[in-house]
Every structure is written in structure tokens, then in C-alpha cells.
Amino acid sequence: MRTGVGIPTIAATVAVVTALLQGCGGDDSVPAAAAPQTIEQFKTACSALVGAVVAGGTVATAEFTEASTGAVTATSVPQHCLLRGAMNKRTGIDGKPYALQFELRLPFTWNNRFYYQGGSGVDGTLFTALGAYSGGGNTRNALLDGYAVVTTDSGHIAEPGVANGQFLFAADPQARYEYGDQQLPQVTAAGKTLVAKMYGAAPSKSYFVGCSNGGRQAMIAAQRYPDLFDGIVAAAPGFRLTQASIQGSLYQAQIAASVAPLGTDGKPDITKTFSDAEKATVRSRILGACDALDGAVDGMVTKMSACNPDPLTWACKAGETSNCLATEKAAYAKKLFDGAKTSAGEQIYAPWPFDPGMADQTGNPFLTIFAGEASHVYTTPPTITPDLLGYSLTGNIDTEYAKLSATNATFTRSGNSFTNGESPNMDAFKARGGKLVIFNGAADLAFSIKDVEAYYKKVQARYGATETAAFTRAFFVPGMGHCSGGMYGTDQFDAVGAMVNWVEKGTAPDVMIATARAAAGVSWPGRTRPLCAYPKEAIYKGSGSIEDAANFSCQ
């Protein structure tokens, strides 16, 4: 059984990255711009990168790619060199092949910047390195705008054809750890090595942008690898993903089972816990309690800090038949919004905010991925099963929660250790001048803004409110879903641009202007709102169109 030959240690990889970062942010020096090249010289240089050595691996393919034609979209590309390679090729303890694969796209017209595009789900696929921007409605990408962009599969490929195929990698310890936090310094080192080979210069600035699992990686980058990136956008960050997986699978399945209808298989159909009419009631009661708190009745909950209705009051009283819930359904809604707790009363993850879009949480849309993550990836020992619903319905919450912190002879790091990015200690990132922008939708059905708020308060407790705001800002987006979308919000805004301006021009983002999109399903496309840096919220000034952000202020 081989566990890998010649695999670099994380310390060695960080040393490589540190060498590449000399003059690449963190001090006042700026590398010389890349030497001008003709397109033919660029093509030749691209081809010559086949077989190029990076720490722990090589470049397998190098292909010059022509620019897209037609209208420019978020998937358009400029003329660029497409590289794919792999590091750490080995056989895992499960007898399966593994490698940490990467894709790097180097534009012909380079802006001297490096862009690490974070992953999604549990990774397991080699994402296209376009440099996707965060939020909704994007019509461009970082590659188009001149960034060198890298992505990775985080050391494993999902296995097709089985219900738990995307999670089976976690039977191998190193595959767990590369997915968790070890891919970041290694892929960054490979990317910057190849940037230097192509352009003859290191990047002047380096950025990480990711949402969901990519947001988790972003938080880890700021906390554990502070020298890698000058600026980071952590969107919908699953930085306490292990705890969220227990809440989103076992807890939510088990409380839903008591009120859900039975499916044809005789099991509770927890995707239909509430009927459409009952979900409409939840939305109506939330809006009735909280819509006007910001001074405008506009179908949105913007003053989230003051929105705390009691779902038990949504139960039908004697004689009521509309805009209310059956007693047991109201009790279920109360448990759902309160979030999971252990039998001893310890909060496992976080409560959910009262946003009208949160009515869809009753359908448990993230149960499958959370159940797969909890059972296979984050708990020790893992539970390997294709029956993820069965695991959720029958697993003991206290037991599985405790297993997030457990280790054994095979898995020497706990799920909490290699997965989560929940430390408020960002001393080194702060000291080097790094900037972190965090944002999360209030209607995100995967990760709660209340978890982000609790984390931000811990950072403030460490540094003070003023010093925290000097390098980290958090934004909560009313009505926005997971990463983008949402029928009750404004999800189109430029968080990456705000972060870059903060890093390169010193302009801190006090506010970002967000626009509502018809494609997200809103009833008021084109509406704009200010997104205010926490703890401020957008409040109506009392006059002017409620469709215009200019008539709201951050208070």
C-alpha cells in the first residue's frame, strides 16, 4: 500500500509560497511588470510549460486558447494559456488513486494580479478557472479582466453512479486534509511558480474569492495562511461547516419527521414539511412583523437586528383559519428557527434569521450534502452509507456532534480541525495589511447570518470595533439566497471590486449598492439598496421612491 512518495510538507510548501511572495504584498515593494510579449511569443511560452515542475508535481497539459467570440458573458474568455497539472499523486489507504489537481489560466494581457477561485460543495471536480465573481448577475469574470486564475479539485474526484459518491474520498485521511485546509498553500505555490515562469514576474497583488465551501476556504486563508493573499472575499462562508452539517441534516430531518407527510416509501417526506400555503403564511407573518421596521413597507426585511417574532404566536387561535399554522406546525417552525442544540442545551450551529425567503428552509434543501458531509467527512469514525436520509433520521445528534471533535489512529485530525475556519485570531493577516470582506444572504438556506454575526463579534472582542473595521468588514444581504438569488432581496453588487479598492486604494467599503434582478424572481427588478457594513442597516429616509438606494441611509 502506497501513501505517496515525494509529497511536500505543508511547511515546505509555505516556504515556497513565502519566497514567491517577496515583494508581492505585505510590504511596500512591487515586482516589475511582466515583459511585453507578442502573441506568438506567448504561444511558444505557453507550450513550453508542459512538464514544468511545481512543488510535488508537474504541468500535464498547456494549451493556448483563443478569445471567445460574440457577446461578453460571465463565461467568456480572453486569449490565454490554459494549464492543468497535478501534485501529490499517490494511492490512498482505500486503494484508490488520488492527486491534487489544479487548473491555471494565464491571460495574454495580464494585470499583474493573481486570483484563487474557491471551491464548492465538497469539491471533487476540477473547476473551470474563469475567476467567477461573487454575487448574482455577473457579466464578466476575473480572467477577462486580466487576472491569472487558479482552481483545484482539492485532491479528489467524486465517484459517479452512487448516492454517496462525492463523499467516499473521506475514507482516506490525506484526502480529508487536502480538502480541508492543505490545498490552499500548495495550489497557491504551484500557481505563483507558473505565473513567474510565464511572465517573468511575481504577481503584484494576490486575491482569494470564494462562496460556500469556497467561503470556508477564504476564512481559513485569512486565519492560517495570512501571507498568501492581500485581499479575500468570503461569501456565504461555511466556516463552521461541521456544526452546520449536523444542524442541516440530523437535527432538521428529525424535527421535520414529526410533521412531514409520508412518502410512497413510508418514510417522512421532509421536502414537503410545509405546504405552499403554509410557507406563504410563514412569509406573511415575518413580513407583517418586520417589513416596516426600516421605515418602508417594501416586501423586504432590512432591519434584521430588530426582527425577532415568536413562531409559536403563528399558531391558529380559536376560530382562525387563515394566515396561521396548526399548533404542531408552529412548534416545528419555532424549533427550526431556534437551531439545533445538544441534549444538554449547547447550541450546535446557529439560529436562522427571520427573512421571508427562509420559509423554504422547511423543505430541507441542503439535507443531502450536509448528511453526506457529516456522515463521511467530518465525523470520526465515519459512517459510510448511501442512505443519507436514513442516517439523518436515525443518527444520534449528541453522538455525531461529539464525533466532530474526535480522532483515532487513522484520522489524526478531527473534522473540526481540518475543516473549520472559526478562529478570531487574524493577527498576522491584520499585521501584513490584509483585507477581508465577508457577506452572507439573510435567506441563505445553508449558512446563517447569525453565525457570521457571532464570529464578527468575537473578532471585535479581540481587536476592538475600530481596529476590526480597519481590516475586516461584514455585510448581510436581505433576501439573498445561498451565494446569490433570492426572491426578496437585491443580490447584484460588486464585492470583489470593493475588496480590490480597499487593498489597492485604501478605500474601505462602508456601503455597497445592490440591485434586484428579474432572474432572481423578485417582484421589483431594478430596485436598489445600500448594503451597509455591519452593524449598520439600511433605513428609509422617509421620502422618495423606495426603489432607489439613494433614499436609504446606513444607520
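The values are calculated or read from the model by the stated rules, or taken from the named source; none is laboratory data. Small disclaimer: the values here were computed from a predicted structure and weren't measured. Note that we place each Cβ from the backbone using ideal geometry, even for glycine, and neighbour counts take in every protein chain shown. For the accessible areas, the whole protein counts, side chains as well, though only heavy atoms, and no ligand, DNA or RNA atoms are used. Shrake-Rupley method; radii C 1.70, N 1.55, O 1.52, S 1.80 Å.
Checking each residue in the range 450-471 for being under 17 Å from PHE239 (Cβ atoms), open to solvent by 10 Å² or more (accessible area, probe 1.4 Å) and hydrophobic (A, V, I, L, M, F, W, C) picks out ALA454, ALA461. Counting the residues of the range 516-527 that are within 24 Å of the chain's Cα centre (by Cα) and surrounded by 18 or more Cβ atoms within 10 Å (Cβ to Cβ) gives 4. Has the range 300-318 got any residue that is open to solvent by less than 40 Å² (accessible area, probe 1.4 Å), of a type in the set (Val, Ile, Thr) and over 25 Å from the mean Cα position of the chain (by Cα)? No, the range 300-318 contains no residue that is open to solvent by less than 40 Å² (accessible area, probe 1.4 Å), of a type in the set (Val, Ile, Thr) and over 25 Å from the mean Cα position of the chain (by Cα).
A single entry from VAL297, VAL282, VAL259 fulfils the requirement of being assigned to a loop (DSSP other than H, G, I, E, B) and either under 25 Å from ARG527 (Cβ atoms) or open to solvent by 70 Å² or more (accessible area, probe 1.4 Å) (or both): VAL297. Are any of the residues in the range 178-201 touching a Gly at 6+ places or on another chain (Cβ under 8 Å), among the charged types (D, E, K, R) and part of a loop (DSSP other than H, G, I, E, B)? No, the range 178-201 has no match at all.
The single condition from (1) within 24 Å of ILE539 (Cβ to Cβ); (2) out of contact with any strand residue (DSSP E or B) (no Cβ under 9 Å at 6 or more places or on another chain); (3) in a helix (DSSP H, G or I); (4) open to solvent by less than 50 Å² (accessible area, probe 1.4 Å) that SER417 fails is (1).
When THR302 is tested against (1) part of a loop (DSSP other than H, G, I, E, B); (2) out of contact with any strand residue (DSSP E or B) (no Cβ under 7 Å at 6 or more places or on another chain), exactly one condition is not met: (2). Restricting the range 150-200 to residues that are open to solvent by less than 40 Å² (accessible area, probe 1.4 Å) and among the basic types (Lys, Arg), the residue that is farthest from GLY238 (Cα to Cα) is LYS192. Taking the numbered list (1) over 28 Å from ASP181 (Cα atoms); (2) in contact (Cβ under 8 Å) with a residue 12 or more places away in the chain; (3) among the hydroxyl-bearing types (Ser, Thr, Tyr) in turn, THR321 passes all entries but (2).
Note on the range 484-505: residues that are open to solvent by 30 Å² or more (accessible area, probe 1.4 Å), not in a strand (DSSP E or B) and not aliphatic (A, V, I, L, M) total 6. Selection over the range 420-449 of residues that are assigned to a loop (DSSP other than H, G, I, E, B), open to solvent by 10 Å² or more (accessible area, probe 1.4 Å) and among the acidic types (Asp, Glu) gives a count of 1.
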